[in-house]
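**Student:** Have a look at this one.
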Amino acid sequence: MRVLLPLEPLDQTTRQTTADGAPAVEVLSAEKVFANGARGLAPIDLSIADGEFLTLIGPSGCGKSTLLKLIANLIEPSDGRLLWWRGDFAQVGQEGRRLAFVFQEPTLMPWARVEANVRLPLEFGNMPRATADPKVAEAIARVGLSKFNRHFPRQLSGGMKMRVSIARALVTDPNLLLMDEPFGALDEFTRNKLDDDLVNLSWERKLTTVFVTHSIYEAVFLSTRIIVMAANPGRIFRTMTIDQPQPRDQGFRDSPKFAVYCRELSTWLAEASLQSAGGGVS
Amino acid sequence: MKPLFESEAFVRIAAPVAVGIVLFAMWEVGFRLASVPVYLFPKPTDIFASLLHNGPSLLRALLVTLRVTLQAFVAAVILGTLIAFMFVQSRAIEVSLFPYAVLLQVTPVVAIAPLIIILVKNTQLSLTICATLVALFPIISNTTLGLRSVDPGLANFFRMNRASRFKTLVKLRVPGALPYFFGGLRISSGLALIGAVVAEFVAGTGGRSSGLAYEILDAGFTLDIPRMFAALFLITLTGVLLFAAMVALSQWVLSDWHDSETRAEA
């Protein structure tokens, strides 16, 4: 296990980039101060390598969702900037530079059938039905819901709705997948099942994934790198690399190494919470 | 096949009908025993006899009222929806115009009807305008509310995918507003009828109308109380049928997905 030192704000030297290829996302001293004056995020430096599965974890208020929204360009940084594939956000959406976001809630259109929900992002780009339909069918098949493509969301369970939401993200053939606690509301069994699928999926499609969660087990199972964040102000506390072969399966969950990672991460989270409560280093 | 009495649809129709029959029977028997004279308060059989006897003239009056009601209802739906779309385009438009919509709503139609009837030469048109004014507000307020009540998560999704304003309107705002819109339709259909009848009363006192309200006025002048009740019965029946039609329409459109129209599954 390779453990990096805690990242200090504005410390450019600890920025990570993989040796091969350009990073997918670079966060350059980006900070967020909310309208009410609260410091959501202290200046953060972070580089997300192509093909990486990065998980953000930390006590509530640590700014992990804020950081994810910055990466999604859903909000603008108060200072600093972000780069996507070494460029600004305007060129995101081109071939090979697509981004998809999966929210905490499935956020499906209740009046539309599964297939119409999944087709929606393609309709934004005015893709003709003939081109779109095979893609829609493939995305629905990938999440195992082919039998339900004519169902309405209310006829599906929570886990199935989340699968539809993931299919809707996949249909655009994204390169960067951002997920904000997508399985937080699901029971542990369903969550493990979806995690298994997600690990395979991101491996198959060579996705760069940024994932926010509260679950230590989920973070260790999925990630190639985990960023532990602390609050007041939101900042990166420590970084853990999970140096295990991909794609992973139940065998990894049952392995002694898994338990070691989890214990370590749990200790770090406790420390992060303590620092957050005490006002930390700010 | 379930027994008839356990079928929800049957009970929903049969129960109120049974209550109605009991009430009518009590009315008939009670008034017969007390020998209340017909010119004071008629029995159901008297009203029914009058309905048959005055059939053609009542039917003609019903058609007149129905025409005004439907014209006003359609006008209110079109106008109200257009105004609602205008309101959600910009906060400034809504803020500056909404008070006037309220003004329209709170002014009693009886008070402005004489003015409209004097100003507009065509009686039919003046009645339609009065009824439209009454029926308009629920459409405006409900549709505006619906168009604004966008699921924030979905709105985020649309914004993230850089959906155009038009796509957002057609794919997100309009379908989301439908349940509210249909709620507005139910209220508005009844109000269109009320507006039409009230306007007819005002016009009828000037002898310039021939709808059901005029029948009631005319029957009052001649102390033909059963005919008054017969006309009243037709107005009520029209209102109930309009409401039922709106309920059926909203069920037909929303039953697939909206909670208000979906039955709990066993």
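**Student:** If the cut-off is 17 Å between C-alpha atoms, which lysines fall inside it for A:LYS32, apart from same-chain ones fewer than 8 positions away?
**Tutor:** Output for A:LYS32: A:LYS64, A:LYS69.
**Student:** What do you get for the angle between helix B:91-106 and the principal long axis of chain B? Use alpha-carbon atoms, 0 to 90 degrees, nearest ten.
**Tutor:** Tilt of helix B:91-106: around 10 degrees.
**Student:** Which of A:ARG86, A:ARG253, A:ARG248 has the fewest other C-beta atoms within 10 Å, and how do the rest follow up to the most?
**Tutor:** Numbers: A:ARG86 11, A:ARG253 16, A:ARG248 22.
In order of increasing Cβ crowding within 10 Å: A:ARG86, A:ARG253, A:ARG248.
**Student:** Give the Kirkwood hydrodynamic radius (Å, one decimal) of region B:1-140, defined as one over the mean of 1/r across all pairs of different Cα atoms. Write down the numbers at each step before the final one.
**Tutor:** Details: mean 1/r = 0.0508 Å⁻¹.
Evaluated over region B:1-140, this radius sits at 19.7 Å.
**Student:** If each of B:VAL17 and A:GLN246 carries a label point 7 Å out from its Cα toward its Cβ, how far apart are those two points in nm?
**Tutor:** So the two model labels end up 6.7 nm from each other.
**Student:** Mind checking the mean number of beta-carbon atoms from other chains within 10 Å of the Cβ atoms in B:89-95? Numbers along the way, then the final one.
**Tutor:** On the way: counts 0, 0, 0, 0, 0, 0, 0.
Per residue, the number of nearby Cβ atoms from other chains is 0 on average.
**Student:** Still on this structure, I have one more. To make sure I understand the rule: partners must be lysines, Cα under 19 Å from the Cα of A:LYS193, and not fewer than 8 residues away in the same chain. Which ones qualify?
**Tutor:** Qualifying lysines at Cα under 19 Å: A:LYS147, A:LYS161.
**Student:** Can you order the peptides B:146-154, B:188-196, A:176-184 by their average number of other Cβ atoms within 10 Å per residue, highest first? Display every interim value, and only then the final one.
**Tutor:** Details: B:146-154: 16.6, B:188-196: 26.1, A:176-184: 22.1.
Those peptides, ordered most packed to least, come out B:188-196, A:176-184, B:146-154.
**Student:** Among A:SER223, B:SER57, what is the fewest-to-most ranking by other Cβ atoms within 10 Å? It would help to have the intermediate numbers written out before the result.
**Tutor:** Working: A:SER223 26, B:SER57 14.
Fewest to most other Cβ atoms nearby, the residues stand as B:SER57, A:SER223.
**Student:** Expressed as an acute angle from 0 to 90° and rounded to the nearest 10, what is the orientation of the C-alpha long axis of helix B:123-148 relative to the principal long axis of chain B?
**Tutor:** 40
**Student:** Per DSSP helix of 4 or more residues, -39500 (n - 2.57); summed, then divided by the residues of chain B. What does that give at 222 nm, rounded to the nearest 500? Walk me through the intermediate numbers first.
**Tutor:** Details: 11 runs with 209 residues, N = 266.
After summing the helix terms and dividing by residue count, I get -27000 deg cm²/dmol.
**Student:** Over the Cα atoms of the protein assembly as shown, what is the Rg over Rh ratio if Rh follows Kirkwood?
**Tutor:** On the way: Rg = 33.0 Å, Rh = 28.5 Å.
Answer for the protein assembly as shown: 1.16.
**Student:** Take every Cα-Cα distance within region A:110-173, group them into 5 Å bins from 0 onward, and report for each bin the whole-number percent of pairs it holds.
**Tutor:** 4, 22, 35, 24, 12, 3, 0
**Student:** Oh, and also: What is the average number of partner chain Cβ atoms found within 10 Å of a Cβ in A:121-128? Numbers along the way, then the final one.
**Tutor:** Details: counts 5, 1, 5, 10, 3, 2, 0, 0.
The mean count of partner-chain Cβ atoms within 10 Å per residue comes to 3.
**Student:** Using the number of other C-beta atoms within 10 angstrom as an exposure proxy, rank A:GLU26, B:GLU8 with the fewest first. The partial results should precede the final answer.
**Tutor:** Working: A:GLU26 19, B:GLU8 9.
Least to most surrounded, the residues fall as B:GLU8, A:GLU26.
**Student:** Next question. For region A:78-180, which GluC sites (Glu not before Pro) pass both filters: DSSP loop (anything but H, G, I, E, B) and at most 10 other C-beta atoms within 10 Å? Walk me through the numbers on the way to the answer.
**Tutor:** On the way: sites: A:GLU95, A:GLU115, A:GLU123, A:GLU138; in loops: A:GLU95.
The qualifying sites are A:GLU95.
**Student:** Would you mind getting me the FRET efficiency between A:ASP197 and B:VAL240? Use the beta-carbon distance for r and R0 = 51 Å, nearest 0.05. Mind showing how you got there, number by number?
**Tutor:** Values: r = 54 Å, r/R0 = 1.05.
The value I calculate is 0.40.
**Student:** Across peptide A:100-109, how many C-beta atoms of other chains are within 10 Å of each residue C-beta, on average? Don't jump to the answer; show the numbers that get you there.
**Tutor:** Working: counts 2, 4, 1, 5, 1, 4, 1, 8, 4, 8.
Mean inter-chain Cβ contacts per residue within 10 Å come to 4.
**Student:** Work out the charge dipole of chain B with +1 on the Cβ of Lys and Arg and -1 on the Cβ of Asp and Glu about the Cα centre, then indicate which of B:ALA9, B:HIS258, B:PHE87 is farthest towards its positive end.
**Tutor:** Of the listed residues, the answer is B:PHE87.
**Student:** Separate question: Calculate how steeply helix B:44-53 sits against the longest principal axis of the alpha-carbon atoms of chain B, using the helix alpha-carbon long axis, and give the answer as 0 to 90 degrees to the nearest 10.
**Tutor:** Rounded to the nearest ten degrees, it is 90.
**Student:** Got a sec to turn the phi values of region B:175-188 into Karplus ³J(HN,Hα) couplings, 6.51 cos²θ - 1.76 cosθ + 1.60 with θ = phi - 60°, whole Hz, x for Gly and Pro?
**Tutor:** x, x, 7, 3, x, 5, 4, 5, x, x, 4, 4, 5, 5
**Student:** Tell me what chain A gives for mean residue ellipticity at 222 nm when only DSSP H runs of n ≥ 4 count, each as -39,500 (n - 2.57), the sum divided by the residue total, rounded to 500 deg cm²/dmol.
**Tutor:** Details: 8 runs with 97 residues, N = 282.
Theoretical 222 nm ellipticity from helices: -10500 deg cm²/dmol.
**Student:** Still on this structure: Straight distance only, please: which aspartates and glutamates reach the Cα of B:LYS171 with their own Cα at less than 13 Å, same-chain residues fewer than 8 apart left out?
**Tutor:** Excluding near neighbours in sequence, the set is A:GLU123, B:ASP151.
No value in this document is a laboratory result; all are computed from the given coordinates. Just so we're clear, the structure is a prediction, and the values are computed from it rather than from any experiment. Quick reminder, even Gly has a Cβ in these numbers, built from the backbone with ideal geometry, and neighbours come from all protein chains shown.
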